[in-house]
Amino acid sequence: MAEPRPDTDIERILVVAAHPDDADFGLAGTMATWVDAGLEVTLLCLTHGEQGARPDADIATIPALREAEQQAACAAYGVTDVRWVEGHRDGWLEPTFELQREIVRAIRDVRPQRVVCQSPERNYDRLQASHPDHLAAGEATVRACYPAAENPFAWPELHEEEGLPFWHVGEIWLMAHPTPDHVVDVTDVFDRKIAALKAHASQTAHRGDELEVFLRRMSGFMGQRMGLPDGRLGEAFKVIPLN
């Protein structure tokens, strides 16, 4: 098991996700525990998830709908700082320098000691967790954390023009990694994870009661895999220290 920094050493956390609902599937319970502990959590969504719609939907209305759903989901576990990167298409995300710059801007503004993002490594055991946009989001975020955010010569205009000096991120947590090494017990806040994902009604309403059954099964499997006591529910991560 990896040993991340104790939460008592953490003040601010930045979570970066490709789409609305990605973070809630990956770590809504964990974010609830952090909020309960008094930590400041910011969520940065890199697209508006406009391709997550039924074939007959008016796609022009989807970004606003999914923004509202994400805000409602975050309210279920207490995150109030939700940010959006503009100009990147759902389904077309790439770890470009432009995208990295936007993530660096967020890092230097939030000044997080911990950044959570999607794994840039494909998980062939759970291929749906390795959507190409997820891989791109993870790669761009890892590059933004190291070395760009802490390098004063990377996008110096962020400091000179926007007052955002370089910042050292202490650790990265990867969700949906093929070989996680740290687990958070989310049993006691699991109802808030369910509420958050139900708030993404455009994505989950059709699943009815099966949604909660699925979430409990997956979280129970992860808890068991990662050594939690029987019956406990877990969210798992790969932890990467940046000294």
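Is it the case that segment 73-82 has a residue that's in contact with an Asp or Glu (Cβ under 7 Å, 6 or more places away or on another chain), closer than 15 Å to PHE25 by Cα and part of a helix (DSSP H, G or I)? Even if it seems obvious, please write down each step before you answer.
Just the residues of segment 73-82 that are in contact with an Asp or Glu (Cβ under 7 Å, 6 or more places away or on another chain), to begin with: 73.
If we keep only those that are closer than 15 Å to PHE25 by Cα too, we end up with 73.
From what is left, the residues that are part of a helix (DSSP H, G or I) are 73.
Looking through segment 73-82, at least one residue is in contact with an Asp or Glu (Cβ under 7 Å, 6 or more places away or on another chain), closer than 15 Å to PHE25 by Cα and part of a helix (DSSP H, G or I).
Of the residues LEU65, LEU46, the single one that is surrounded by fewer than 23 Cβ atoms within 10 Å (Cβ to Cβ) and either within 16 Å of the chain's Cα centre (by Cα) or in contact (Cβ under 8 Å) with a residue 40 or more places away in the chain (or both) is LEU65. Out of all the residues in segment 206-214, is one or more within 19 Å of the chain's Cα centre (by Cα) and either touching a residue at least 24 places away in the same chain (Cβ under 8 Å) or farther than 28 Å from CYS145 by Cα (or both)? No.
Among the helices (runs of 4 or more DSSP H) lying completely within segment 153-224, list those that include at least 3 residues that are exposed (fewer than 15 other Cβ atoms within 10 Å of the Cβ) and not β-branched (Val, Ile, Thr). Please lay out each step first, then the result.
Working: elements: 157-160, 190-199, 201-204.
Once the helices (runs of 4 or more DSSP H) in segment 153-224 are filtered for at least 3 residues that are exposed (fewer than 15 other Cβ atoms within 10 Å of the Cβ) and not β-branched (Val, Ile, Thr), what remains is 157-160.
Read-outs: derived from the displayed coordinates by stated rules, not from any lab. Predicted model, so just to flag it, every value in this text is computed and none were measured. Note that each Cβ is placed from the backbone with ideal geometry, even for glycine, and that neighbours are counted across all protein chains shown.
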